[in-house]
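Reviewing the structure listed below.
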Amino acid sequence: MELKGKFADAVNDQVTMELKAAIVYRQLSIEMDYKDLPGMASWFLIQSGEELGHAQRFTDHMTDREACPKIETIEAPNLTIDSPLDAFKAALDNEQQVSESIRDLYRLSQEVGDIDSIPLLNWFINEQLEEESTVSEIIGRINLIGDDGDGLLRLDAELGSRKPEPGDE
């Protein structure tokens, strides 16, 4: 049951990656707040909290298996955000990186025979499919809206109605 070796190191790296994702979303929230889009700012802030919850899931998995997570260095995000479309494209890029890292973890768990991590990784694979789909849909809607300020404000209001999932507050 003990988590050790290169797989423990990889799970630890994922903890740091999830924390970095939370910081990216926090910065995107700040960017949208600065652009007077409070609904989008709120959506990104809730997403940041969700990423913290993901880091906690990996942390709990490690500690439950007698491994001590160590948060590694996290560089501040270097984002250039000129529009909501830029923000959501940055979010999609972030989610795709996280998804690939989780797929790598899954492949490594198979390689080292760590079947105890499979349920956790299956949950994350499904979660990442949902995350990428949601952000892609928002990007599609922003593309449809184009330069329509009223449409953008309606989308902002809609995204602002999002409530945190239980445990992600």
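Could you size up the charge dipole of segment 110-151 around its Cα centre, putting +1 on the beta carbon of Lys and Arg and -1 on that of Asp and Glu, and report it in debye to the nearest 20?
On the way: 1 positive and 11 negative charges, 14 e Å.
Using only the charged Cβ atoms, the result is roughly 60 debye.
Cβ under 9 Å from GLU66's Cβ, GLU66 left aside: what net charge do those residues give with Lys, Arg +1 and Asp, Glu -1?
Working: positive: LYS4, ARG65; negative: GLU2, ASP64.
Summing Lys and Arg as +1 and Asp and Glu as -1 gives 0.
With +1 on each Lys and Arg Cβ and -1 on each Asp and Glu Cβ, how big is the dipole of segment 2-77 about its Cα centre, in debye rounded to the nearest 20?
Details: 8 positive and 14 negative charges, 16 e Å.
So the magnitude is around 80 debye.
Which value, in Å², gives the accessible area per residue of segment 89-169 when a 1.4 Å probe is used on the protein heavy atoms?
Values: 4740 Å² over 81 residues.
With the other protein chains kept in place, segment 89-169 gives 59 Å² per residue.
How much net charge surrounds GLU100 when only other residues with a Cβ under 13 Å from its Cβ are counted (Lys, Arg +1; Asp, Glu -1)?
Details: positive: ARG103, ARG107; negative: ASP13, ASP93, GLU95, ASP104, GLU131, GLU132.
Every neighbour counted, the sum reads -4.
Determine the share of the chain's accessible area contributed by carbon and sulfur atoms, expressed in whole percent, with a 1.4 angstrom probe.
Values: 4560 of 9110 Å².
Carbon with sulfur: 50 percent of the solvent-accessible area.
Quick check on the chain: helices-only [θ] at 222 nm, where DSSP H runs of length 4 and up contribute -39,500 (n - 2.57) each and the sum goes over total residues. Nearest 500, please. Mind dumping the intermediate values first?
Details: 5 runs with 126 residues, N = 169.
Helix-only estimate at 222 nm: -26500 deg cm²/dmol.
Pairs of lysine in the chain with Cα under 26 Å and at least 8 positions apart or on different chains: total?
Within the chain, the lysine pair count is 11.
On a full-extension model of 0.36 nm per residue, what is the gain between ASP60 and ASP148, subtracting their alpha-carbon distance, rounded to one decimal in nm? Mind showing how you got there, number by number?
Working: separation 88, 0.36 × 88 = 31.68 nm, distance 4.51 nm.
Working it through step by step, the gained length comes to 27.2 nm.
In whole Hz, with x marking every Gly and Pro, tabulate ³J(HN,Hα) for segment 99-109 from phi via Karplus 6.51 cos²θ - 1.76 cosθ + 1.60, θ = phi - 60°.
Going residue by residue, I get 4, 5, 5, 5, 4, 4, 4, 4, 4, 5, 4 Hz, with x marking Gly and Pro.
Could you give the angle, 0 to 90 degrees to the nearest 10, between helix 149-160's Cα long axis and the longest principal axis of the Cα atoms of the chain?
40 degrees
Using R₀ = 41 Å, calculate the FRET efficiency as 1/(1 + (r/R₀)^6) where r is the Cβ-Cβ separation of ARG141 and ARG107; round to 0.05. Don't jump to the answer; show the numbers that get you there.
On the way: r = 34 Å, r/R0 = 0.82.
So, using R0 = 41 Å, E works out to roughly 0.75.
Given all pairs of different Cα atoms, what value in angstroms does the Kirkwood hydrodynamic radius of the chain take? Before the final figure, lay out each step's value.
Details: mean 1/r = 0.0595 Å⁻¹.
Radius from the Kirkwood sum: 16.8 Å.
Could you pull out the trypsin sites (Lys or Arg not before Pro) across segment 59-136 that fall in loop regions by DSSP (anything but H, G, I, E, B) with no more than 13 other Cβ atoms inside 10 Å? Could the numbers behind the result be given before it?
Working: sites: ARG65, LYS70, LYS89, ARG103, ARG107; in loops: ARG65, LYS70.
Those that pass, being in a loop and sparsely packed, are LYS70.
Can you find, among LEU85, LEU45, GLN56, the residue farthest towards the positive end of the dipole of the chain? Put +1 on the C-beta of Lys and Arg, -1 on that of Asp and Glu.
Toward the positive end, the furthest listed residue is GLN56.
Hey, what angle do you get for helix 118-145 against the long axis of the chain, alpha-carbon based, 0 to 90 degrees rounded to 10?
Tilt relative to the chain: about 10 degrees.
Please list TRP43, TRP123 in order of solvent-accessible area, largest first, computed with a 1.4 Å probe with all protein chains present. Don't skip to the answer; put the middle values down first.
Numbers: TRP43 15, TRP123 90 Å².
The residues order as TRP123, TRP43, largest area first.
Mind checking the dipole of the chain: about its Cα centre, +1 per Lys or Arg Cβ, -1 per Asp or Glu Cβ, Debye to the nearest 20?
The dipole magnitude comes to about 180 debye.
If you take every residue apart from GLY160 with its C-beta less than 14 Å away from the C-beta of GLY160, what net charge results, scoring Lys and Arg +1 and Asp and Glu -1? Don't skip to the end; give the middle numbers.
Values: positive: LYS35, ARG154, ARG162, LYS163; negative: ASP33, ASP36, ASP156, GLU158.
With Lys, Arg at +1 and Asp, Glu at -1, the neighbours total 0.
The values are calculated or read from the model by the stated rules, or taken from the named source; none is laboratory data. In this text, all values refer to a predicted model and were calculated from it rather than measured experimentally. FYI the Cβ positions are ideal-geometry reconstructions off the backbone, even for glycines, and counts take in every protein chain you see. When the accessible area is computed, the model is the full protein with side chains, heavy atoms only, and any ligands, DNA or RNA have been set aside. Shrake-Rupley method; radii C 1.70, N 1.55, O 1.52, S 1.80 Å.
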